[in-house]
Amino acid sequence: MSDAERQLYALALAANQHACEHHGQTISTKVANAIDRVGEILDRERSLGHSEFIESMTVCYGAWWGEYVREHFGGRWIGLSEPTAPRVRLGGSVYSPMDAVRRRLLDDSAPTLRALADRLRSARESTTAETIAVNQLAWDTKANDPRFTLSGGLPGSREEALAAIDPWLAGEGTLEGLRLLCLAAGGGTHGPLHALAGARVTVVDLSPKQLEHDRMMADEMGLSIERIVTSMDNLSMLSDDSFDAVIHPVSLCYVPEVAPVYHEISRVLRPGGLYISQQKQPSSLQASVSPVASRYVIEHPAEEGYALPALAQETTLRESGTQEFLHPLGTLLGSLCASGFVIEEIVEPPRGDVWAPSGNPQHRATYLPPYLKIKARRR
């Protein structure tokens, strides 16, 4: 948390103190219905007509409202060094919590904070539900495509499996009994491999058909693997601190918001637990798939939650039929830290080849590494 964010948090606490001392209310941002109490307080303050307190009320309760949005919707503060009031970014949109409070203090016809929260919730649920439906169908359809499921055999012994796992995970010591979550990792590869290496594996995936490959491989190899069909931003069926490590293959590009995913990972991973994630580089998603006049060009903005145009044809960089979203490094890395993680290592897996012909994916990867791999530790 930056100094500016600490100051905003302190202002939100000041709003809570004001609510207690002057209105007999407790308004913790962690309590969902506290927003109704704040609405009542703003209405009372407006009716009192104390214009000299408008500015201080705006600042304190605006900070409270921003913290509430951050807590319940996964927003994050931005513009903290600007000469204007700080904003909250949520998905691909930017909001001004302080201006919303000011409007309500001055005008009873302005939207209440409850109304604004309902709008945020409705928009998020609509976008999330639509995205889940589109991507679930897409990945169910790809369940028979060997590019996205197990193609070839798995190691035949525990020793071979241990030799094949990620070195970052191997560096943690024995996998025997390790509680491992393979997140968004159906397809019959990650789960069976790590179960064979000795881990107690849970595989979560949005696609039932992808998870069917995990079931078949587990049955064939005599392995025990728990399989759960759910979106990666909803792990409510899993208990707090229930995993020692989380492996997260490329998938964050398929959700409109990263923060809720990181929040869930942080919740289910024990303190000190390891998080290994490989995701698509935002700069690669911004750029043209093929060269234009012998150059790769930026086609899409570096905007958090930007919905990338659908592809009619499959490429090695993007998957047809899916809905993908762009998440800049500030989100991929910053939101991870804000969710209680310390980043220990970052690498760009080598995919380039300077000898490859122009337009070849390996030629493109020489200029635009397609992936970012992150090793992080839960604080």
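Listing for the model above:
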item: Nonlocal amide H pairs with Gly273, under 5 Å, H built at 1.01 Å; result: Arg378
item: If the convex hull is drawn through the Cα atoms of segment 3-122, its volume per residue in Å³; result: 100
item: The chain - charge dipole about Cα centre, Lys and Arg +1 at Cβ, Asp and Glu -1, debye rounded to 20; result: 260
item: Phi-based couplings in Hz for segment 282-299 (Karplus 6.51, -1.76, 1.60; Gly and Pro marked x); result: x, 5, 5, 5, 6, 8, 5, 5, 10, x, 10, 6, 6, 9, 8, 10, 6, 10
item: Relative contact order %, the chain, counting alpha carbon pairs below 8 Å whose residues are six or more apart; result: 12
item: Of Thr112, Thr58, Thr315, the one that fluctuates the most in a GNM where the chain has Cα springs shorter than 10 Å; result: Thr315
item: Translational D in µm²/s for segment 129-175 (Stokes-Einstein at 4 °C, 1.567 mPa s, Kirkwood Rh from C-alpha pairs); result: 96
item: From phi via Karplus (6.51, -1.76, 1.60), per-residue ³J(HN,Hα) for segment 337-348 in Hz, x at Gly/Pro; result: 5, 5, 8, x, 10, 10, 7, 9, 7, 9, 9, 10
item: Qualifying lysines (Cα of each under 19 Å from Cα of Lys373; at least 8 residues distant if same chain); result: Lys280
item: Förster-model FRET efficiency, 51 Å R0, Glu21 and Ser157, C-beta, rounded to 0.05; result: 0.15
item: Phi to ³J(HN,Hα) by Karplus 6.51 cos²θ - 1.76 cosθ + 1.60 over segment 45-59, Hz, x for Gly, Pro; result: 5, 5, 5, 6, x, 7, 4, 5, 9, 4, 5, 5, 5, 4, 5
item: Potential lengthening between Ala129 and Asp99 on full extension [0.36 nm per residue; Cα-Cα distance subtracted]; result: 7.8 nm
item: Amide hydrogen neighbours beyond the local backbone of Gln323, cut-off 5 Å, H modeled; result: Asn135
item: Candidates Pro249, Pro271, Pro291: whichever shows maximal mean-square fluctuation once the chain is modelled as a Gaussian network with Cα springs under 10 Å; result: Pro291
item: Whole-Å semi-axes of the chain's equivalent ellipsoid (Cα gyration tensor); result: 42, 25, 18
item: Segment 90-193, relative contact order in percent, only Cα pairs under 8 angstrom and at least six apart counted; result: 21
item: Spatial separation of Cα centroids for segment 332-379 and segment 169-239, in angstrom; result: 23
item: Listed residues Leu90, Leu206, Leu80, most fluctuating in the chain (Gaussian network, C-alpha, under 10 Å); result: Leu80
item: For Gly359, net neighbour charge (Lys/Arg +1, Asp/Glu -1) across residues whose Cβ lies under 13 Å away; result: +1
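A short reminder: the numbers here are calculations on the coordinates, not readings from a lab. In this text, all values refer to a predicted model and were calculated from it rather than measured experimentally. In this analysis, Cβ positions are derived from the backbone assuming ideal geometry, glycine residues included, and neighbour counts consider all displayed protein chains.
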